[in-house]
Amino acid sequence: MYALLILDIQVGLIHGPEKPWRCDELLETLNTLMDKARSAGAPIFLARHIGPAGSPIEPGSPLTLIAQELKLMGGEVVFEKRRPNAFAMTDLADNLRSSGATGVVVTGMKTQYCVDSTCRAARDLGFDAVLIADGHTCSDTPLMKAEAIVAHHNATLNGPFCQLVQAEDWSF
């Protein structure tokens, strides 16, 4: 069984000064994936990135709350992480195993940080990793447009680190 993992779809990133590429489409895709997961009885995990005290995303900051555009129904597991890799210093791997999941479907933000490092770590921990090609995003950087960052990571991660699948083609 595969679990759905949604990384860092939180107020400070969705509604921050740097608009994520294809944000509205991403939110729609994530809600559709959550519906698919619920219909199949697959667990849903949502990570919230928390920074150090004094930072804009310190513990308790409203910027760390899950964006209200995600339609949560109450059965999801929401957890905090402090590193880009969602498995680092969290109970995610244990919670995935205890839920019966042998694979994880990775989505969310930001492509070049948390999505990348979590995909790479999943296989090292023995999970089948799936990256939803149209299920992650980031913002433009001074060196590269977000669209190119997403395309690059889809190409780089596919194969050695994960299986790349379009959201419409994925079933739990």
Of Asp124, Asp8, which has the most accessible area and how do the rest follow, probe 1.4 Å?
Asp124, Asp8
So what is the relative contact order of the chain, in percent, for Cα pairs below 8 Å that sit 6 or more residues apart?
28
So, with a 1.4 angstrom probe, what is the percent of accessible area on the chain that is carbon and sulfur?
54
Mind checking which aspartates and glutamates have their C-alpha under 12 Å from Lys36, skipping anything on the same chain fewer than 8 residues away?
Glu168, Asp169
Quick tally, 1.4 Å probe accessible area for Trp170, Trp21, sorted with the most first, runs Trp21, Trp170
Virtual paramagnetic centre 7 Å along Cα→Cβ of Met73, amide N under 15 Å, in region 1-30:
4, 30
Contour excess over end-to-end distance, with Cα ends at Thr102 and Lys19 and 0.36 nm allotted per residue:
26.5 nm
Please give the per residue accessible area of the chain, computed with a probe of 1.4 Å over protein heavy atoms only, in Å².
47
Give me the one-decimal nm value for the distance between modelled label points at Thr141 and Arg123, 7 Å along each residue's Cα-to-Cβ direction.
2.1
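The values are calculated or read from the model by the stated rules, or taken from the named source; none is laboratory data. As the structure is a computational prediction, the values presented were derived from the model and not from experiment. Using ideal geometry, Cβ is built from the backbone for each residue, glycine included, and neighbour counts are taken over all protein chains shown. Surface areas here come from the heavy atoms of the whole protein model, side chains and all, with no ligands, DNA or RNA. Shrake-Rupley method; radii C 1.70, N 1.55, O 1.52, S 1.80 Å.
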